[in-house]
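Only one structure is covered here, and it is reproduced in the block below.
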Amino acid sequence: METPRPFSLLCELTYRCPLQCPYCSNPIDFARHAGELETAEWRRVLTEAAALGVVQAHFSGGEPLLRADVADIIRHARDLGLYTNLSTGGTLLTEEMAGRLRDAGLDSLQVSIQDAEEEMSDSMAGGAPSFRKKIAAARLVREIGFSLTLNVVLQRRNIDRIEAIIAMAEELGADRLELANTQFNGWALRNRGGLLPGKGQVEKAAVAASRAQERLKGRMDILYVLPDYFQQYPKACLHGWGRVFMTVAADGAVLPCQTAREIKGLQFENVRERGLEAIWFESEAFRKFRGTDWLPEPCQSCPRKGIDFGGCRCQAFLLTGDATATDPACSLAPAHGLIEEALAGGGDDKLIYRTVRESLRLS
Amino acid sequence: MAEISDTARPTLAGKARLKWDAVREKHLLLFPEGVLVLNSTAHDVLALCDGRRTVREIIGVLAAEYSSDAIAGDVREILGKLRQKTFVTLDE
């Protein structure tokens, strides 16, 4: 089969961030990847990406607004005809910055909020109080005429307030709400005891989400990312490895997925050393899990292999030590017992926040 | 949701954008964190969703272009799906 070309590029402009969320999708060892790409390098990456077939550039971090050149980079992406999307924690979104982003042609803006309650949101985000700034940022996004997506990660401490979170999104005029159950890779896996909800919590939340989806149809698009620990089958991670999606990390490493750095032993090439097209088609990291030929049993003879591609590679590696294993989230996986054990385990109050100090200590 | 009336004026939402993909040679609809590869009818309908033309006028333009009146059902179905995804708004 012909290798497909990517539609979407995630640009993690920096690993720096004023927030310290304990489920951050940056790698645990983020503090060890110094040397951010410079403006001209990001421009080149985007130019190469457009030629490769990318039509959508998503800018995140860390906190992308910490980069003084973020609007220039977005303008370049727009000049190339790419759809541009920026994901921010919101605390640094000033009126001046919002205006610059609009003038650069930014298509869509996403603001993360940790909870509908100020105190809980601030305690989950860590660092300096952030909730009020986030609310102000969300309002500013609407005032300046952007469409607003609100991103909320669901976990045991906020999932019972899902209705309040939806009401908050309505009040803020979001036209898209992403309710993403925590993915237990990287930081979130370290903090699983403190973040994993109970079965009853998850069931109630699913009902509330689907009611809201029905009620708000045509007004607010609610994306509910299922909690894979509670599903029968795993997620179709990335819609297939090396198939539609690629990430360029802050230091130029090219990753099939932003958490792929958690898979030890996988070598990632860097845009400073090689072109994006060659990396996409030829690098070991992209070829290793592309398609379905590499899949083990029970995936290989499973009728769902073209649907979920064996699930998440990072999760398989982090839980079993083997990145080629069936994702343990699948009820048919030989290692599914690991998920059942985690679900049977009690909660835990301690959270390790995503700070430079913890990153260095843990890696 | 309400039926799609002939006098409604569909507009492509600000967050969504049509693009001709020169690499794949396909029409695309781009939106936050997603891409739809459009068939030619869906593209032709969306290209006419300018907030000025009514549904009836869009059907008229395409019926003439395709020399077929059977297009009306397709147009309504496409608009209904895209409205549900909030990619198109319908103003009376």
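The values are calculated or read from the model by the stated rules, or taken from the named source; none is laboratory data. Computed from a predicted structure; not experimentally measured. Cβ sites come from the backbone with ideal geometry, for glycine too, and all protein chains shown count toward neighbours.
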### Query
For the stretch A:295-341, how many residues are within 23 Å of the chain's Cα centre (by Cα), of a type in the set (A, V, I, L, M, F, W, C) and at pLDDT 95 or above?
11
### Message
Please go through (1) surrounded by 24 or more Cβ atoms within 10 Å (Cβ to Cβ); (2) farther than 20 Å from B:Val37 by Cα; (3) within 12 Å of another protein chain (Cβ to nearest Cβ) for A:Gly90 and return the number of the only condition it doesn't satisfy.
### Response
(3)
## Note on the structure
With criteria (1) surrounded by fewer than 17 Cβ atoms within 10 Å (Cβ to Cβ); (2) touching a His at 6+ places or on another chain (Cβ under 7 Å), A:Pro328 comes up short on (1)
### Query
If you scan the stretch B:38-52, which residues turn out to be within 23 Å of A:Asp175 (Cβ to Cβ) and either β-branched (Val, Ile, Thr) or more than 8 Å from the chain's Cα centre (by Cα) (or both)?
B:Leu38, B:Val45, B:Asp50, B:Gly51, B:Arg52
### Task
Being at negative phi, buried (at least 18 other Cβ atoms within 10 Å of the Cβ) and within 14 Å of another protein chain (Cβ to nearest Cβ) is the filter here, so list the residues in the stretch B:48-86 that pass it.
B:Leu79, B:Leu82, B:Arg83
### Message
Looking only at the stretch B:15-30, filter to residues that are more than 7 Å from chain A (Cβ to nearest Cβ) and surrounded by 14 or more Cβ atoms within 10 Å (Cβ to Cβ); which one of those is farthest from A:Thr149 (Cα to Cα)?
### Response
B:Lys26
### Message
Whether any residue in the stretch B:75-92 is in a loop (DSSP other than H, G, I, E, B), over 14 Å from the mean Cα position of the chain (by Cα) and touching a residue at least 40 places away in the same chain (Cβ under 8 Å) is what I want to check.
### Response
yes
### Query
Taking A:Gly310, is it surrounded by fewer than 22 Cβ atoms within 10 Å (Cβ to Cβ) and over 24 Å from A:Arg156 (Cα atoms)?
no
### Query
Between a first residue in the stretch A:1-15 that is within 10 Å of chain B (Cβ to nearest Cβ) and a second residue that is acidic (Asp, Glu) and assigned to a loop (DSSP other than H, G, I, E, B), which pairs have beta carbons less than 9 Å apart while being 6 or more apart in sequence or on different chains?
A:Ser8/B:Glu33
### Query
Quick check: is even one residue across the stretch B:41-53 of a type in the set (S, T, N, Q) and not in a helix (DSSP H, G or I)?
no
### Query
What about A:Gly194, is it of a type outside the set (Asp, Glu), free of Cβ contacts under 8 Å to residues at least 40 places away in the same chain and touching a Leu at 6+ places or on another chain (Cβ under 7 Å)?
no
### Filter result for the condition that a residue is buried (at least 19 other Cβ atoms within 10 Å of the Cβ) and without any contact (Cβ under 8 Å) to a residue 60 or more places away in the chain, over A:Ala77, A:Ala136, A:Ala49, A:Ala68
A:Ala77
### Task
Sort out for me the helices (runs of 4 or more DSSP H) sitting completely within the stretch A:92-200 that have 2 or more residues that are among the polar types (S, T, N, Q).
A:118-125
### Query
Which residues, counting only those in the stretch A:220-263, are under 22 Å from A:Leu154 (Cα atoms) and in a loop (DSSP other than H, G, I, E, B)?
A:Met220, A:Leu226, A:Pro227, A:Gln231, A:Gln232, A:Tyr233, A:Pro234, A:Lys235, A:Ala236, A:Cys257, A:Gln258, A:Thr259
### Query
Can B:Leu36 be described as modelled with pLDDT of 95 or more and either within 30 Å of A:Ser8 (Cβ to Cβ) or surrounded by 14 or more Cβ atoms within 10 Å (Cβ to Cβ) (or both)?
no
### Task
Filter the stretch A:140-156 for residues that are over 24 Å from A:Asp348 (Cα atoms), of a type outside the set (Val, Ile, Thr) and surrounded by 15 or more Cβ atoms within 10 Å (Cβ to Cβ) and give the result.
A:Leu140, A:Arg142, A:Phe146, A:Ser147, A:Leu148, A:Leu150, A:Asn151
### Residue list for the stretch A:16-36, restricted to those being more than 23 Å from A:Ala98 (Cα to Cα), buried (at least 22 other Cβ atoms within 10 Å of the Cβ) and hydrophobic (A, V, I, L, M, F, W, C)
A:Cys21, A:Cys24, A:Ile28, A:Phe30
### Query
Is it the case that A:Ser121 is away from chain B (no Cβ under 14 Å), within 21 Å of the chain's Cα centre (by Cα) and crowded, with 18+ Cβ neighbours inside 10 Å?
yes
## Note on the structure
A:Gly62: passes all of (1) within 17 Å of A:Ile279 (Cβ to Cβ); (2) more than 14 Å from chain B (Cβ to nearest Cβ) but (1)
#### Entry: Among residues of the stretch A:102-118, those that are under 18 Å from the mean Cα position of the chain (by Cα), of a type outside the set (A, V, I, L, M) and closer than 16 Å to A:Leu65 by Cα, counted
3
### Query
In this structure, is A:Leu140 within 14 Å of another protein chain (Cβ to nearest Cβ), modelled with pLDDT of 95 or more and in contact with a helix residue (DSSP H, G or I) (Cβ under 6 Å, 6 or more places away or on another chain)?
no
## Note on the structure
Matching residues in the stretch B:20-52 (among the charged types (D, E, K, R) and farther than 24 Å from B:Asp91 by Cα) number 5
### Summary
If you go through A:Pro18, A:Pro6, the only one that is more than 16 Å from the chain's Cα centre (by Cα), closer than 25 Å to A:Val111 by Cβ and in a loop (DSSP other than H, G, I, E, B) is A:Pro18
### Query
If we keep just the residues of the stretch A:39-87 that are part of a helix (DSSP H, G or I) and charged (D, E, K, R), which is farthest from B:Gly14 (Cα to Cα)?
A:Glu41
